Amino acid sequence: MKTEEFIGKVKSGEVDIVEYIHKVIEECKKINDEYHYFNKISEELALKQAENIKKNPKGKLAGLPVSIKDCICVKGVETRAGSAILNGYKPEFNATAIEKIIKEGAIIIGKTSQDEFGFGSFSTNMGKGFQKPLNPFDKERCCGGSSGGCGGIVQKASFPHISLGESTGGSIVNPASFCGVYGLCPTYGRVSRYGLIDYGNSLDKIGPMAKDIKDIALMQKIISGFDKNESTSLNSPVDDYSAYIRKDVKGMKVGIIDFGIGESIDEPVRNKTLETIDKLNAKGVKAEKVSLPFSKKYGIPVYFLIAASEASTNLAKYCGMRYGASSELNGSSFNEYFTKVRSEYLGDEAKRRIILGTFARMAGQRDAYYIKAAQIRTKVIEEYKRLFKTYDALISPAINILPPKFDEIDKLSLLQAYTIDALTVSPNLAGLPHLSIPTGMVNKLPSGVMLTGDHLQEGKLIQLAAALRKE
Amino acid sequence: MTEKIYHFKTDVVIGLEIHIELATDSKLFCSCSTHAKPGEEDEPNTRTCPVCLGHPGSKPVLNKKAVDYALRLCLALGCRIAPELIFSRKSYFYPDMSKNYQITQYEIPLGEKGNIKLSDNTKIGLTRVHMEEDPAALVHPAGMANSSSVLVDYNRSGDPLCEVVTEPELTSPEQARDFMKQLINILRYLGIFDINRCIIKADANVSIRESNYQRVEMKNITGFKDIERALKYEIQRQKKTLKDGNVIRKETRAWNSQYGVTRSLRSKETEADYGYIIDPDLVPTEITKEWVDEIKENMPELPDEKVKKFMHDFKLSIDDAKVISADKDMAELFEKVVKDVDAVLAAKWIRRELVRCLNYVKKELCDVDIATKEMNSLLKLIESKKITETTGQKLMEKLVEGSFDVEKYVKKEGLEAVSDSGELEKLCDEAIVENEKAVAEYKEGNEKSFNFIVGAVMRKSKGKADPKVVREILIGKV
């Protein structure tokens, strides 16, 4: 059943939403036992919301089951950003995006699994005691990351469903691609970050993941907008994204990012990308090769320096004193105590990024790393901005490979693992909207392409994605 | 930021870093109140929210009012204003820090290169004025030394602060005290500091010639009286240390006001590394010309302007004008009483007698409770000569101890000046008869004896007679 149809039936009373949500929760539990897509299934909240919707079936999302990446605060529901250091933490408030979807009648079914604090590309850097989400098409393979649980449940759910993911360096388009669903990472500041547990504040964005581009448009409109509680949220009018679904794409211009179809890209991924370009051509879209030499060369180091520098300050607050995990005091000094809690409850990758980020902003290194990275970041933005004077969107794969097996991931060096983000970090650094579009199965595995647009041009990405659907 | 090289010449070199709590109603980055409701107890951890508690996902939003206040201060101190207000994260772990980083300013402070004029007209240069948030308060239930645990009260967490950093140009504890006094006065004139609830704290760097100016930092000195005490103590300690053959180490010491001593907190062999980054949760705020102009237009009168006004409008001497303007409360009191009383008389009495009485009880005008109405009555009684100056002085002393109804008191105690010449002549005659010896001595040329007779008359009048008039009558009689 399509989302639109489902919401209509909830409103007409044709679907008994309380019964329905009972079934949804049962299904989620069953899927979760096998695939680990949830860190927490919010059964109690979902049923309470369903009761309310039954009495008062209102809103653009009336009765729609929505899952939420664990790093987005939901009032009263254990929210851990995938980290054991937040064990037991139940936020006192809803993230602004959550407030907005609740107001439209969404039903929150749970918090999805992710790399700890978003530190990863495969959902394999799990917090202590968390299980890896398994790819919906092959349980030996990963879901991508860091919004892996979102991608998995969106693909696997038999019920109408949208998930809210979060991206810092590609964490929406990557799992969307590996799980064969749509994922939109909007312009930085388009969706309020209030209530989003920070990874890299200048990079973090909340965005929708769904099986249907219409659902992406619907959800993106609802969660967008200025928020007086969040200084970096944008105060510009919100587009009606759904209106782009039926817009003709004839005459639009798309730039093909050269290294996105180059040698470093696995052949099936490259072929699928070229196939997609052909389909766009057939619809009257002009496509030509473009290059982003600066982004290609510096994207990865600049991203990791900035994201880790910010993360290392963000994670300082987790020290076992005010919320989340704690430990015995045993007469230790506060420094010893903080060290004990952080050593015990933070995972290896979190520790690595804290150390990396702290190093990059230390007095002796600051100019060479943190400051320089910030300067290069503006160059990356300029490089993209020049291209958007000519092109409506840029196209490339989101990732150079199909979903890898866990044992293949284990063999990757740290640098290899970090460079998996080569195609996604630059649009994230530049705060540009980017959308992953499923392009069908290759070797029984899902594939996808990524469109990147100019700031606030989410509409054009949705327009192109809609044109690519099967007739 | 690299350290400047200084070439010091004076015996003592002092630099101050002063933290001023701004008197806004809400905190710097959230809408929590900065103070308890009037008449209500300030229960710990009640004025808090996810932002000032540093809860995951919460985000700061800048309080523009606090920026208005900080801009007012920067302008009053003659600072160069930055084009943008940019906040940074200063990272260090401490239990009073809700996020384990403090939102403060680093590379580009709001104001740079201002100055403050001391009462002897020396100008003390200011390096910078910047904004930051206050950490929470640590509460030791049984005192610092005897508590087995520490409690944290987040009511203060996120209060808006301005930090004023001086050049190392102060040369004595007395100068440092005067500096603080001038600064507090400016803050109060600006209406950005509430002396009843806002905290002003200083960290002081002090070094002496004998140690080749090895710098020692003292933390946590509250108020201008303590700054003098603390610096005096520390200078003596440094001198004694050297005399005893020991060396002064670069270190940070805590001032304990209760015991009047400083104690070592940590040696500063290496500078702390706070790993500053720009706070990515706060967009830079442009300080537009229009904004600054608006602040300038609405600037309250400053002490210097007050001096000029007092000299021009009330024909006060520069000296009187300065002394009265140097205390905002005193200037306000003066402005109120001159509506009914001659300005020069009012200036003289406030500047000399009121100041004398305050000095005697070691208090500031803001510490004592004098109703303007009563000061007015007192000065009017003096102006109309209904009481003598001697009586006036005594009443002023009493006023400083606590306000009372001056007119009623004068009537009740019968303190009106004896101006009836018949009555006075009678008292003089009596005195002459009773002090024959003194009269005789005076006639032989002993001036002191004459004063003795005047004193006798004054005693008889219980101080209510005008000594000038008494002298005139006595000269005629003896």
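The values are calculated or read from the model by the stated rules, or taken from the named source; none is laboratory data. Just so we're clear, the structure is a prediction, and the values are computed from it rather than from any experiment. Cβ placement follows ideal geometry from the backbone for every residue including glycine, while neighbour counts extend to all protein chains displayed. Calculation scope for accessible area: heavy atoms of the full protein, side chains included, ligands and nucleic acids excluded. Shrake-Rupley method; radii C 1.70, N 1.55, O 1.52, S 1.80 Å.
The residue that is farthest from the chain's Cα centre (by Cα), counting only those in region A:325-341 that are open to solvent by 30 Å² or more (accessible area, probe 1.4 Å) and within 12 Å of chain B (Cβ to nearest Cβ), is A:Gly331. In this structure, does A:Leu356 turn out to be at negative phi, hydrophobic (A, V, I, L, M, F, W, C) and open to solvent by less than 50 Å² (accessible area, probe 1.4 Å)? No. Answer yes if at least one residue in region A:277-289 is open to solvent by less than 20 Å² (accessible area, probe 1.4 Å), within 14 Å of another protein chain (Cβ to nearest Cβ) and not hydroxyl-bearing (Ser, Thr, Tyr), and no otherwise. No, because not a single residue in region A:277-289 is open to solvent by less than 20 Å² (accessible area, probe 1.4 Å), within 14 Å of another protein chain (Cβ to nearest Cβ) and not hydroxyl-bearing (Ser, Thr, Tyr). Pairs meeting the criteria (first residue in region B:72-93 and within 14 Å of another protein chain (Cβ to nearest Cβ) and in a strand (DSSP E or B), second residue open to solvent by less than 20 Å² (accessible area, probe 1.4 Å) and among the aromatic types (Phe, Trp, Tyr), beta carbons under 7 Å, at least 6 apart or on different chains) are B:Arg89/B:Tyr101; B:Lys90/B:Tyr101; B:Ser91/B:Tyr101.
For the residues B:Val433, B:Val400, B:Val454, B:Val470, the requirement of being part of a helix (DSSP H, G or I), outside the structural domain of B:Glu374 (by TED's automatic domain parsing) and touching a Cys at 6+ places or on another chain (Cβ under 8 Å) singles out B:Val470. Against the test of being in a strand (DSSP E or B) and at pLDDT below 95, the options B:Leu161, B:Leu138 yield a single qualifying residue, B:Leu138. Looking across region A:167-222, the residues that are of a type in the set (Phe, Trp, Tyr), within 13 Å of the chain's Cα centre (by Cα) and part of a loop (DSSP other than H, G, I, E, B) come down to A:Tyr188, A:Tyr199. Count of region A:69-82 residues, restricted to those that are among the small types (Gly, Ala, Ser) and either open to solvent by 10 Å² or more (accessible area, probe 1.4 Å) or at the interface with another protein chain (Cβ under 10 Å from one of its Cβ atoms) (or both), is 2. Of all residues in region B:431-444, those satisfying the criterion of being within 18 Å of B:Gly476 (Cβ to Cβ), open to solvent by less than 70 Å² (accessible area, probe 1.4 Å) and of a type outside the set (A, V, I, L, M, F, W, C) are B:Asn435, B:Tyr442.
Using the structure shown, decide if A:Asn314 is more than 23 Å from A:Asp198 (Cβ to Cβ), at the interface with chain B (Cβ under 9 Å from one of its Cβ atoms) and either loosely packed, with under 15 Cβ neighbours inside 10 Å or within 24 Å of the chain's Cα centre (by Cα) (or both). Here the answer is no, as A:Asn314 does not meet what is asked. So, of the residues in region B:224-246 that are open to solvent by 60 Å² or more (accessible area, probe 1.4 Å) and closer than 29 Å to B:His19 by Cα, which turns out to be modelled with the lowest pLDDT? Residue satisfying both the conditions and the ranking: B:Lys225.
The C-beta contact set for region A:397-423 (first residue basic (Lys, Arg), second residue at pLDDT 95 or above, distance under 7 angstrom, 6+ apart or interchain) comprises A:Lys405/A:Glu140; A:Lys405/A:Arg141.
Could you tell me whether A:Ala374 is of a type outside the set (Phe, Trp, Tyr), within 14 Å of chain B (Cβ to nearest Cβ), touching a residue at least 24 places away in the same chain (Cβ under 8 Å) and open to solvent by 40 Å² or more (accessible area, probe 1.4 Å)? Yes: the conditions hold for A:Ala374. When every residue of region A:50-57 is checked against the conditions, at least one turns out to be open to solvent by 10 Å² or more (accessible area, probe 1.4 Å), more than 14 Å from chain B (Cβ to nearest Cβ) and β-branched (Val, Ile, Thr).
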